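Participant: Sending over a structure as structure tokens; questions will come in a sec.
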Amino acid sequence: QVQLVESGGGLVQAGGSLRLSCTASITTFDRAAMGWYRQAPGKPRELIARITSTGTTNYADSVKGRFTISRDNAKNTVDLQMNNLKPEDTAVYYCNAEKYGVNSWGKGTMVTVSS
């Protein structure tokens, strides 16, 4: 059973930074593609950053240049460094693992950016 636990959310002023971390209890973590999604109130969940098993990254246009995703296969973690945060970044952020076509989700961590 895959377990994903997010941490690092909180309240920050616009222009500030936060670092989210996700710890995965998953066998062969290095074979999973890992992603960060977010869901704002009244909006659908959206993919904002993804890193493949080979380290290829991609980002949503809304966060490109401000957010950086990284992974540590030795620690089974994937991080999301978020800089220059904006009020529109306010959302619940979810960690996702995809391996062999199976998706697993964390419970989410709240990020609130005040103006």
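The values are calculated or read from the model by the stated rules, or taken from the named source; none is laboratory data. These numbers come from a predicted model, not from an experiment. Reconstructed Cβ throughout: ideal geometry from the backbone, glycine too, with neighbour counts over all protein chains shown. Ligands, DNA and RNA are excluded from the accessible area calculation, which covers all protein heavy atoms including side chains. Shrake-Rupley method; radii C 1.70, N 1.55, O 1.52, S 1.80 Å.
Participant: Which numbered condition in (1) of a type outside the set (Lys, Arg); (2) more than 17 Å from GLY108 (Cβ to Cβ); (3) surrounded by 18 or more Cβ atoms within 10 Å (Cβ to Cβ) is the only one that ALA33 fails?
Facilitator: Unmet for ALA33, out of (1) of a type outside the set (Lys, Arg); (2) more than 17 Å from GLY108 (Cβ to Cβ); (3) surrounded by 18 or more Cβ atoms within 10 Å (Cβ to Cβ): (3).
Participant: Would you confirm, using the coordinates I've provided, whether VAL63 is assigned to a loop (DSSP other than H, G, I, E, B), touching a strand residue (DSSP E or B) at 6+ places or on another chain (Cβ under 6 Å) and hydrophobic (A, V, I, L, M, F, W, C)?
Facilitator: yes
Participant: Which residue is least open to solvent (accessible area, probe 1.4 Å), if the candidates are limited to the stretch 91-103 and must be under 13 Å from the mean Cα position of the chain (by Cα) and of a type in the set (Ser, Thr, Tyr)?
Facilitator: Here the residue is TYR93.
Participant: If a residue has to be assigned to a strand (DSSP E or B) and without any contact (Cβ under 8 Å) to a residue 40 or more places away in the chain to count, how many in the stretch 27-46 make the cut?
Facilitator: Total meeting the criteria: 1.
Participant: Could I ask something else about it? Does GLU46 qualify as being closer than 14 Å to VAL2 by Cβ and surrounded by fewer than 19 Cβ atoms within 10 Å (Cβ to Cβ)?
Facilitator: Against the criterion (closer than 14 Å to VAL2 by Cβ and surrounded by fewer than 19 Cβ atoms within 10 Å (Cβ to Cβ)), GLU46 does not qualify.
Participant: Please work out which residue is most open to solvent (accessible area, probe 1.4 Å), limiting yourself to the stretch 66-84 and to residues that are more than 18 Å from THR23 (Cα to Cα) and outside any strand (DSSP E or B).
Facilitator: ASN84
Participant: Exactly one condition in (1) at pLDDT below 95; (2) under 18 Å from SER114 (Cα atoms); (3) open to solvent by less than 30 Å² (accessible area, probe 1.4 Å) is not met by VAL63; state its number.
Facilitator: Looking at each condition in turn, VAL63 falls short on (1).
Participant: Also: One residue is enough: does the stretch 86-93 have a residue meeting the conditions among the hydrophobic types (A, V, I, L, M, F, W, C) and touching a residue at least 12 places away in the same chain (Cβ under 8 Å)?
Facilitator: yes
Participant: Additional query: Answer with yes or no whether VAL92 is of a type in the set (A, V, I, L, M) and part of a loop (DSSP other than H, G, I, E, B).
Facilitator: No, not satisfied.
Participant: Mind checking which residues of the stretch 48-60 are in a strand (DSSP E or B) and more than 21 Å from SER17 (Cα to Cα)?
Facilitator: Hits for the stretch 48-60: nothing passes.
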